[in-house]
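The numbers here are math on the coordinates, done by the rules we state, and not lab data. Predicted model, so just to flag it, every value in this text is computed and none were measured. Heads up, the Cβs are rebuilt from the backbone with ideal geometry, glycines too, and the neighbour counts pull from every protein chain shown.
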Ligand code: HEC
Ligand code: HEC
Ligand code: HEC
């Protein structure tokens, strides 16, 4: 008995050593867990020039920092916005130079380290903060960003406590998540790309962190390389973000796509939901050159293989095709036109994101709640989509959603009143 135990024990030694080695490599790769701090006095002083501050402001806009780091109606950059995740609610922090509650007393080294590694003087940060993307930012861009943030009015705002479940509530537990799911970004691609494409890639992958919403996620919120810009339901927001690639964006010419990013509108569609916020908070500030670089890059991303979506209703005969067509005629045709090609009051539905998506969430939410595109220089008086939640019942909304998705999205769509009720209850941000 004891001898057999001894043999088994020895057999386990190499396995244990291998597990320790793998664990050690993963631990080192994700960067440890110690809080990171370099006192401001101990570092090279950052003497900001007005040019640097101006560039920092542009970078902050493209990084969508203020949108995430401001509550509705709050002082910009003072934090407190809530983000719902699968494991609880996280709040953003104060980025103004207030000494107690913000970035007052931070050194530029500490800022660079936090932006690239997701580890600050407060320890390991939650990945709602898109540090894996910001890791791609160049030193001079991060320094300009820091110079801009440091000259904002210092405003005290005590942090809003997070409401997280254990073990996510314990910051060091994030190390386990990072060991399994976090890969420090490495500037990749670039070979064979034009300077314009490379600039576009830098803006899309780094500052713009477009894959935060447009990437396909695995369990635990990780963004595997295979899901890069492959599209999917955005966790915590209940909207579907389409893939971004040559196939999805074929309806836009490169110039139209560049213009869409800045204005939020185009002959092929208008932004809504979280994308409206991205255009308003960030992309409307793009220079024409940067918008064109992003469009050129996005249209060069190879098409993704369509992924079947579990949110798609099972195939089956469509119950109420006639009532769907009739409801469309009565309630929608005026703005979206009989043939679905749109009017000056409403965008086309033919090939629109909401009708071609494997996930019906956008179509249903638009019909339920309506939307208003952001006001931009290129779209100064946007037309809005009225809400139908008071006018139509769930069965009618299902019928009209099925009608537009089958007619102009080339999809099978068999939503029932129950599916509408389920989407009705989804989280709004
Ligand atoms: C998608 C939303 C989002 C965006 C975009 C975003 N942040 Fe954050 N950021 C957060 C959240 C949430 C936290 C808090 C994370 C935590 O507590 O672990 C955070 C934390 C930080 C921290 C750490 C602060 C500390 O005291 O430890 C810094 C610095 C920071 N963000 C800077 C920026 C800058 C600069 C930008 C723009 C380039 C930016 N963030 C864009 C959500 C965001
Ligand atoms: C907060 C989530 C979010 C972020 C971040 C985001 N998007 Fe979107 N995006 C969406 C959603 C949702 C849609 C679908 C609704 C719509 O069409 O407006 C969308 C739609 C789009 C479309 C329209 C696609 C089509 O077929 O018409 C383009 C283009 C686009 N996004 C580009 C970008 C780029 C470039 C970035 C990065 C700078 C980005 N998005 C960042 C959520 C996001
Ligand atoms: C008063 C004009 C108007 C009416 C009536 C109207 N819409 Fe819209 N619709 C719009 C506008 C404007 C938008 C773009 C809104 C935005 O981008 O914020 C839109 C957007 C949409 C979208 C999103 C398209 C995309 O690009 O993904 C869908 C789906 C939609 N409408 C369906 C309907 C249906 C179904 C009806 C009838 C039940 C209807 N609309 C009635 C004006 C209208």
Q) For the modelled label position 7 Å from the Cα of residue 337 along Cα-to-Cβ, which residues of region 248-262 have backbone nitrogen atoms closer than 18 Å? A) 251-253
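Computed from the mean reciprocal separation of all distinct C-alpha pairs, what Kirkwood hydrodynamic radius does region 321-424 have, in Å?
Value: 13.7 Å, from the Cα pair sum.
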Q: Kindly state, as a whole number, the per residue volume in cubic angstrom of the convex hull around the alpha carbon atoms of the chain.
A: 195 Å³
Q. In µm²/s, what is D for region 195-298 at 4 °C and 1.567 mPa s, where D = kT/(6 pi eta Rh) by Stokes-Einstein and Rh is the Kirkwood radius from Cα pairs?
A. 93 µm²/s
Q) What is the distance, in nm, between label points placed 7 Å from the Cα along the Cα-to-Cβ direction at residue 222 and at residue 180? A) 0.8 nm
Q) At what distance in nm do the modelled label points of residue 82 and residue 27 sit from each other, each positioned 7 Å from its Cα along Cα→Cβ? A) 3.7 nm
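What full-extension length gain, to one decimal in nm, is calculated for residue 48 and residue 72 as 0.36 nm per residue of separation minus the Cα-Cα distance?
Details: separation 24, 0.36 × 24 = 8.64 nm, distance 3.01 nm.
Length gained, residue 48 through residue 72: 5.6 nm.
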Q | Relative contact order (%) - region 321-424, alpha-carbon pairs under 8 angstrom, separation at least six | A | 30 percent
Q: Quick one: angle between helix 288-298 and the longest Cα principal axis of the chain, in degrees between 0 and 90, rounded to 10, please.
A: 90 degrees
Q.
Given the -39500 (n - 2.57) contribution per DSSP H run of 4+ residues, what per-residue ellipticity at 222 nm results for the chain, rounded to the nearest 500 deg cm²/dmol?
A. -11500 deg cm²/dmol
Q: Once you have the Cα-Cα distance between residue 194 and residue 305, take 0.36 nm times their residue separation minus that, and quote the gain in nm to one decimal.
A: 37.4 nm
(Q) Quick check: the angle from helix 50-62's long axis to the longest principal axis of the chain, C-alpha only, nearest 10 degrees? (A) 60 degrees
Q: In nm, give the distance between the simple-model label positions of residue 9 and residue 351, each being 7 Å from the Cα along the Cα-to-Cβ direction.
A: 7.1 nm
Q. Against the longest principal axis of the chain, how steep is helix 254-263, in degrees 0 to 90 to the nearest 10, with axes from Cα atoms?
A. 80 degrees
(Q) Under 8 Å for C-alpha pairs, at least 6 residues apart: give me the relative contact order for the chain, rounded to a whole percent. (A) 13 percent
